[in-house]
Amino acid sequence: MDILFLGTGAGVPAKLRNVTSIALKLLEERGAIWLFDAGEATQHQILHTSIKPRRIEKVFVTHLHGDHIYGIPGLLASRSFQGGESEVIVYGPKGIKEYITISLSVSQTYLKYPLKIIEIDEGIIFEDEQFRVEARLLQHGIPSYGYRIVEKDKPGTLLADKLVEAGVQPGPIFRKIKEGESVTLENGRVIIPEDYLGPDQKGRIVTILGDTRYCDNAISLAKDADLLIHEATFSKGEEQLAFDYFHSTTHQAAEVARRSGSKQLCLTHISSRYDRQEWRELVMEAQEIFTNTDIAEDFKEINIPSK
């Protein structure tokens, strides 16, 4: 599981930062990539990475401001031209379906793959045997969501040596035990999976927030997260300005990380008012409250290791 930042700026494209798009790479877990927002020129950014658009399975939209959605129609069209055939599902606030549908219709863009658009409310918006995604409203000028991506726990490692000692040879019985099924041997002995599996492998948690003021829902979504991605459009001391424009400061992002028990914080949605030399100052501001803080840059990649 890896996070790759495709765009990390606020408002408009800049020389050092494109507008927001974040890729959650789940190549080992499900051979897929999930995008969170796709601002203008996201597909151009993808050209500088190893991401294959046909691997994009889902797009989660935080809110409908242009710097988070202008890249979606072009990306969907290019994916079709490049041979993408598998279904894409787009999740987002009310209005995202109309925006995408009209954009594709007016430009007479016909996709060669199924496209499903789901307009979300708060709650669990996706769940399968591997992952669960929860959305909650944040505080912004228009409806803006944060997403909590939870990887479900996996069964522990099969204790093969212990099974062999018990007289079980590698084969179908191993598979049944790994899947949690009790097995009765020919001698009548019952093999209980719990006795031959290591501890469950705890799933990972990633929280990706849209634009927001400091708020309780951000803290709830980030509870015990392995990685929290939080906007920091303003520096410390500019809390009133951040409030007026429905954004957060470095200190506020760090406070969310601290109060939520997150393990790592990465700041993003950085205003172009801050040059490269000032980025480190933004990190140091957040570190005054939450030590394990970093700042996103375009094409920065963060690995979230298995526990």
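Here are the numbers:
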{"read-out": "Which numbered condition GLY167 fails, given (1) over 22 Å from GLU29 (Cα atoms); (2) surrounded by 13 or more Cβ atoms within 10 Å (Cβ to Cβ); (3) of a type outside the set (Asp, Glu); (4) at pLDDT below 85", "value": "(2)"}
{"read-out": "From GLY84, GLY11, GLY66, residue being modelled with pLDDT of 95 or more and in the same structural domain as GLU231 (by TED's automatic domain parsing)", "value": "GLY66"}
{"read-out": "Which listed residue is touching a residue at least 12 places away in the same chain (Cβ under 8 Å), in a strand (DSSP E or B), more than 21 Å from TYR70 (Cα to Cα) and of a type outside the set (Ser, Thr, Tyr), from VAL150, VAL168", "value": "VAL150"}
{"read-out": "Answer residue from region 85-103, given it is touching a Pro at 6+ places or on another chain (Cβ under 6 Å) and not hydroxyl-bearing (Ser, Thr, Tyr) and is farthest from ILE51 (Cα to Cα) among those", "value": "PRO93"}
{"read-out": "Yes/no for TYR110 being of a type outside the set (Asp, Glu) and in contact with a helix residue (DSSP H, G or I) (Cβ under 8 Å, 6 or more places away or on another chain)", "value": "yes"}
{"read-out": "Qualifying positions in region 133-158 - within 27 Å of ARG175 (Cβ to Cβ) and buried (at least 17 other Cβ atoms within 10 Å of the Cβ)", "value": "VAL150, GLU151, LEU158"}
{"read-out": "Region 215-233, residues that are hydroxyl-bearing (Ser, Thr, Tyr) and not in a helix (DSSP H, G or I)", "value": "THR233"}
{"read-out": "Residue check for THR212: modelled with pLDDT of 95 or more, over 25 Å from GLY123 (Cβ atoms) and assigned to a loop (DSSP other than H, G, I, E, B)", "value": "no"}
{"read-out": "For ASP37: the one exception among (1) closer than 30 Å to CYS215 by Cβ; (2) among the acidic types (Asp, Glu); (3) free of Cβ contacts under 8 Å to residues at least 40 places away in the same chain; (4) out of contact with any Pro (no Cβ under 8 Å at 6 or more places or on another chain)", "value": "(3)"}
{"read-out": "Matching residues in region 40-64 - criterion: being part of a loop (DSSP other than H, G, I, E, B) and touching a Ser or Thr at 6+ places or on another chain (Cβ under 8 Å)", "value": "THR62, HIS63"}
{"read-out": "Residues (β-branched (Val, Ile, Thr) and in contact with a helix residue (DSSP H, G or I) (Cβ under 9 Å, 6 or more places away or on another chain)) located in region 1-50", "value": "VAL12, VAL19, THR20, ILE33, THR42, ILE46"}
{"read-out": "Check on GLU238, more than 20 Å from the chain's Cα centre (by Cα) and not small (Gly, Ala, Ser)", "value": "yes"}
{"read-out": "Odd one out for LYS97, checked against (1) more than 21 Å from THR207 (Cα to Cα); (2) buried (at least 20 other Cβ atoms within 10 Å of the Cβ); (3) basic (Lys, Arg)", "value": "(2)"}
{"read-out": "Pick from region 182-204, criterion in a loop (DSSP other than H, G, I, E, B) and under 33 Å from the mean Cα position of the chain (by Cα), ranking: farthest from ALA160 (Cα to Cα)", "value": "ARG204"}
{"read-out": "Selected residue (only one of PHE243, PHE299 is modelled with pLDDT of 95 or more and at positive phi)", "value": "PHE299"}
{"read-out": "Hits in region 66-92 - residues which are crowded, with 21+ Cβ neighbours inside 10 Å and in a loop (DSSP other than H, G, I, E, B)", "value": "GLY71"}
{"read-out": "Some residue of region 84-92 being over 13 Å from LYS58 (Cβ atoms) and touching a Gly at 6+ places or on another chain (Cβ under 7 Å)", "value": "no"}
{"read-out": "The one condition in (1) buried (at least 16 other Cβ atoms within 10 Å of the Cβ); (2) not in a helix (DSSP H, G or I) that ALA286 fails to fulfil", "value": "(2)"}
{"read-out": "Yes/no for LYS236 being in a loop (DSSP other than H, G, I, E, B) and in contact with a strand residue (DSSP E or B) (Cβ under 6 Å, 6 or more places away or on another chain)", "value": "yes"}
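To keep it simple, each residue is scored yes or no on (1) acidic (Asp, Glu); (2) modelled with pLDDT under 95; (3) within 30 Å of GLU231 (Cα to Cα).
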{"site": "GLN108", "(1), (2), (3)": "no, no, no"}
{"site": "LEU115", "(1), (2), (3)": "no, no, yes"}
{"site": "GLU119", "(1), (2), (3)": "yes, no, yes"}
{"site": "THR157", "(1), (2), (3)": "no, yes, no"}
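The values are calculated or read from the model by the stated rules, or taken from the named source; none is laboratory data. Quick caveat: nothing in here was measured; it's all calculated off a predicted structure. Cβ atoms come from the backbone with ideal geometry, glycine included; neighbour counts cover every protein chain shown.
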